1. Return the total of residues in region 43-58 being surrounded by 11 or more Cβ atoms within 10 Å (Cβ to Cβ) and either closer than 11 Å to residue 13 by Cβ or among the aromatic types (Phe, Trp, Tyr) (or both).
2. Looking only at residues that are of a type in the set (S, T, N, Q) and over 18 Å from residue 13 (Cβ atoms) in region 24-42, which one is surrounded by the most Cβ atoms within 10 Å (Cβ to Cβ)?
3. Restricting to region 32-61, count the residues that are assigned to a loop (DSSP other than H, G, I, E, B) and within 11 Å of residue 16 (Cβ to Cβ).
4. If I ask for residues that are surrounded by fewer than 17 Cβ atoms within 10 Å (Cβ to Cβ) and free of Cβ contacts under 8 Å to residues at least 24 places away in the same chain, which ones from region 60-79 would you list?
5. Give the residue, chosen from 58, 53, 76, that is modelled with pLDDT under 90 and not polar (S, T, N, Q).
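The values are calculated or read from the model by the stated rules, or taken from the named source; none is laboratory data. These numbers were taken from a predicted model, which means no experiment stands behind them. Cβ placement follows ideal geometry from the backbone for every residue including glycine, while neighbour counts extend to all protein chains displayed.
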Amino acid sequence: MMTERIKEEDYVLDIGQAMKTLREKKGLTQGDIVRRTGLERSYVSRLEGNKIKYPRIKMICRIAQALEVSVDEFVKLASNSRG
């Protein structure tokens with residue numbers, strides 16, 4: 001019986017790309033996200049630049065709310081952003 005190897009990237013969401021896509025689609029800046037979430041500008045920048053691979057779910061919820069989308073919609077976009 002042959003088992004397929006599961007790679008880490010099969011489980012990693014592209015939160016940064018999803019965030020950037022939604023942000024630009026809504027005409028928002030990173031500064032707008034900072035103001036809406038209360039997160040540090042450097043955190044938002046690093047997240048969008050994919051320097052942070054595993055943000056806490058609390059952060060994902062705050063960003064989704066700032067982008068005015070459901071967490072479900074945000075996660076679906078992030079999983080599709082991986083290519």
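1. Here the count works out to 4.
2. Step one: list which residues in region 24-42 are of a type in the set (S, T, N, Q), which gives 29-30, 37, 42.
Those still in the list that are over 18 Å from residue 13 (Cβ atoms) too: 29-30, 42.
Values: 29: 11, 30: 16, 42: 10.
Per the criteria, the residue is 30.
3. Step one: filter region 32-61 for residues assigned to a loop (DSSP other than H, G, I, E, B), giving 38-40, 49-56.
If we keep only those that are within 11 Å of residue 16 (Cβ to Cβ) as well, we get 49-53, 55.
Residues in region 32-61 being assigned to a loop (DSSP other than H, G, I, E, B) and within 11 Å of residue 16 (Cβ to Cβ): 6 in total.
4. Taking region 60-79 as the starting set, the residues that turn out to be surrounded by fewer than 17 Cβ atoms within 10 Å (Cβ to Cβ) are 61, 65, 68, 70-73, 76, 79.
Matches in region 60-79: 61, 70, 71, 72, 73, 76.
5. Values: 58 fails: modelled with pLDDT under 90; 76 fails: modelled with pLDDT under 90.
After ruling out the rest, the residue left standing is 53.
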